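Below you'll find the structure, written out as structure tokens, and then a few comments.
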Amino acid sequence: MTDHSSSAANNVGDNAAAGRIAIIGAGIAGLACARALTDAGLPVTLFDKARGPGGRMSSRRRPDAIIDLGAQAFSARDPAFIAELDAWRRAGCAERWPTHAYRASNAGWQRLSDDRERFTGAPRMSAITRHLAQTLAARGTALHAGTRVSALERHADGWQIRTDAGAAFGPYTEVVVAVPPPQAEPLVQPWDNTLDALCQRLEQRACWAGWAIFAAPLPVPDGVTESWQQAHLQHPALRLVSRNQTKPGREHQPESLSLLAHTEWSEAHLEDDAEHVAMTLISALKALFPASQPLPELVDHGAHRWLYAQPAEPLAAMPDAGFALGHAGLSLCGDGLRGGRVEEAWLSGHRLGQTLAGCA
Ligand SMILES: Cc1cc2nc3c(=O)[nH]c(=O)nc-3n(C[C@H](O)[C@H](O)[C@H](O)COP(=O)(O)OP(=O)(O)OC[C@H]3O[C@@H](n4cnc5c(N)ncnc54)[C@H](O)[C@@H]3O)c2cc1C
């Protein structure tokens, strides 16, 4: 069997013919796994259905601004992740943010503060996953972007990957499935009953993520600093407002907001039209300000539906490592197996990569 690497679009590097480990999903978990494997000198090939790496750490480019549509900020607790974050900061793709956060309702705004530092990608969240993909490309790791894996096949010489465009890649000795469990389930179901049952058990919840770009800055509520960066809301629909122009490297942008909806509201409005969702979230934003402080002119808006935004609940039943090893070289990682945060997703992929490389 051959590895038809030339059939994929937007490849980053292209040594797929030599690849013996395939990773499906180039979100932070798949990239961390690839990094741990290549650190040990093992050849890896990555596949992602999206146009580039990043998954839920992706950012959307609009004519006037770049908007983070998934993760907004993250913290670091584990020593291995703290060391990785330090490397990202030295490379200039991550910085501290936010430092001015509030809890907000139409009854008032209170400053939120705890001792935990938070970070974001610079100049956008996806800068971190781009940096990781570029580092891997420099080591000769191919990323087949725009390539949705539709099936896995087990042959005498190893695993073969089938894409929905009809291409075939392989053979591989190991396949890491680094996608949310509901998306991993159809891939592992024919081959591994235990991994299949695990995927069926690990539910992911949905989230609508809206954006709104304004011609002028938002009004400033009483007692709130003009440079406020994030507001957590007590509103049935809108959960979080992030001001993208306050993020490091995006100071030139106009008022450009990420508007994240609550899980329950998102799931009750899963089939709503994106325009309707965006306008509902913008109305909720408007209600935060008194009638005497109207919102400025809206120049761009929209909404993206994340069907598999975050794991349903903490995974008490999972081993500490937060990944799953199956039969015959098939394994799973990602936030669904460890916890719905950037750090947990990175740790899941990193620890699986180290285990497969025999250096855990
Ligand atoms: C709206 C939102 C807000 C969030 N806020 C925060 C936050 O503030 N702080 C925080 O720490 N975390 C936050 N998170 C969670 C965090 O983003 C995730 O935990 C983390 O990014 C998950 O990474 P992952 O690699 O496990 O999965 P993903 O990022 O989902 O990566 C999986 C990849 O697999 C690809 N894929 C799927 N199926 C296939 C297939 N069949 N073939 C090929 N490719 C496939 C996808 O395109 C994707 O790129 C947020 C998430 C969302 C959605």
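The values are calculated or read from the model by the stated rules, or taken from the named source; none is laboratory data. On a predicted model such as this, the values are computed, not experimentally measured, just so you know. Reconstructed Cβ throughout: ideal geometry from the backbone, glycine too, with neighbour counts over all protein chains shown. Side chains are part of the model used for accessible areas, which takes the heavy atoms of the whole protein and leaves out ligands, DNA and RNA. Shrake-Rupley method; radii C 1.70, N 1.55, O 1.52, S 1.80 Å.
Contact annotation: no residue pair with Cβ atoms under 6 Å, 6 or more positions apart or on different chains, pairs a residue in region 182-193 that is among the small types (Gly, Ala, Ser) with a partner that is away from the ligand (no atom under 14 Å from the Cβ). Counting only residues that are touching an Asp or Glu at 6+ places or on another chain (Cβ under 7 Å) and more than 15 Å from the ligand (Cβ to nearest atom), region 90-124 holds 1 of them. Applying the criterion of being within 17 Å of residue 185 (Cβ to Cβ) and in contact with an Asp or Glu (Cβ under 6 Å, 6 or more places away or on another chain) to the residues of region 143-158, the residue that is least open to solvent (accessible area, probe 1.4 Å) is 150.
Among the residues of region 290-314, those that are of a type in the set (D, E, K, R) and touching a strand residue (DSSP E or B) at 6+ places or on another chain (Cβ under 8 Å) comprise 297, 300, 305. Restricting to region 63-88, and then to whatever is away from the ligand (no atom under 11 Å from the Cβ) and in a strand (DSSP E or B), can you tell me which residue is most open to solvent (accessible area, probe 1.4 Å)? Only one residue fits best here, namely 66.
Taken together, the residues in region 278-303 that are modelled with pLDDT of 95 or more and open to solvent by less than 60 Å² (accessible area, probe 1.4 Å) amount to 13. As a summary of the residue check, residue 227 satisfies the conditions (1) at pLDDT 95 or above; (2) away from the ligand (no atom under 15 Å from the Cβ); (3) over 28 Å from residue 46 (Cα atoms) except for the one numbered (1). Restricted to region 245-349, the set of strands (runs of 3 or more DSSP E) holding at least 3 residues that are within 10 Å of the ligand (Cβ to nearest atom) comprises 256-261, 298-311. Of everything in region 39-79 that is touching a helix residue (DSSP H, G or I) at 6+ places or on another chain (Cβ under 6 Å) and hydroxyl-bearing (Ser, Thr, Tyr), the residue that is nearest to residue 339 (Cα to Cα) is 58.
Residue count for region 35-58, restricted to those that are open to solvent by less than 30 Å² (accessible area, probe 1.4 Å) and more than 11 Å from the ligand (Cβ to nearest atom): 5.
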